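Heads up: the structure comes next, in structure tokens.
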Amino acid sequence: MLNSGMLLLRLRPSHALVLLTLAVALLAPARAEQKSGMPDLNQEEETCLPTSTTNLIVWFGTHGYPKLIVPGDSDDDGYIHTIHAVMAETDARYDMGTRTDAITGGIAKYIRDAGYNCDVEYRGIDWTKVKFADVVKDDDADKFKDFDSTTPQPFSQDWLATNSDPNTGFILLLAYVNYDRGNNSFTYAINAGHAVTLVDAQPDTLLIHDPAHWASEPGRKIITPELITGGLLRLPGYNAPVSGLLLLTGSELEAPEDATVMLTGAVCVTLHPDKPAAAYVSSSAGGPPTAGSTPLNPTSTPTSTSPVRQPSSAPASSSQSWAMWIFDLLFKK
């Protein structure tokens, strides 16, 4: 299998020169907006949320906020101590994933305990309206009852453009869904969610780091977002409107067969370098009951996505954004 360097050698010199000139001349400003050097950590068992969060935390830590990285960490150990610290604050478990009513509060507490001021906001489906059955006693329910109890703002794709700010970053929350054309509704294909780290957002493409990958393989993926213009996501006791959310296609996201991937919301982390750390105040609702991921291990077989697309009103592709991805594919992993 040819690597990118070998591929470049097989191009005609004139073509290579044109491609390189296009990338340098057109895309240097656009590439400056993405979070270059974002870690690409891989999750262990059901730890997609704390792993995706740690990607962003470490990026902040190497770009002006060093106390966010747990002392003693290094690239060699994969920042595992930072992941464990984020897991503790978000009440994440290897076997059950992450409580989404603890996500925004847990991330904010971690950052503020490190000595930095921040805002952590969720926008998307209002999961407080979902009526989940109490199969077993939830000993942690009271612990988080005061967090994330307000109605979140609706998600908008335009919001992701603020990712270009070096003090702002996003964790995207995903669900695997099936589409019923007869009543224009979605249902969960599996009762689990997933979380990925946003690296760069363009109107017609998203660059993400997906923690559901083996350590020897990259989780860097280019995703095509498609705007959902109507319909419902059928959840226990609540039919959630999904207009404004996104269906995601492109690089495989390990969706079950015949299912597609829906972005149900996003968590935005904004650091304030000019303000002292303050106590956490909850602001908006989290995601589904657990933000775990479909287990992925060396014995599992990745599945392919069979997306059902809604009408899209996303802007047409620009030559700049497409050229950026070509440049990225050739010169990044």
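The values are calculated or read from the model by the stated rules, or taken from the named source; none is laboratory data. For clarity, every value in this text was computed on a predicted model and none was experimentally measured. All Cβ positions, glycine included, derive from the backbone under ideal geometry; neighbour counts span all protein chains shown. Protein only, heavy atoms only, side chains kept; ligands, DNA and RNA dropped before computing areas. Shrake-Rupley method; radii C 1.70, N 1.55, O 1.52, S 1.80 Å.
For the reader, a short list of remarks on this structure follows.
- Residue selected from region 35-48 under the condition under 18 Å from N163 (Cβ atoms) and of a type outside the set (S, T, N, Q), by the criterion most open to solvent (accessible area, probe 1.4 Å): G37
- Taking residues in region 241-259 that are of a type in the set (S, T, N, Q), and partners anywhere that are assigned to a strand (DSSP E or B) and open to solvent by 10 Å² or more (accessible area, probe 1.4 Å), the pairs with Cβ atoms closer than 8 Å and at least 6 places apart or on different chains are T249/T224; T249/E226; S251/K221; S251/I222.
- The residues in region 171-220 that are hydrophobic (A, V, I, L, M, F, W, C), without any contact (Cβ under 8 Å) to a residue 60 or more places away in the chain and under 22 Å from G231 (Cβ atoms) can be counted, and the count is 1.
- Taking the listed residues S243, S251, S216, the one that is out of contact with any helix residue (DSSP H, G or I) (no Cβ under 9 Å at 6 or more places or on another chain), at pLDDT 75 or above, of a type in the set (S, T, Y) and farther than 24 Å from P203 by Cα is S216, with no other qualifying.
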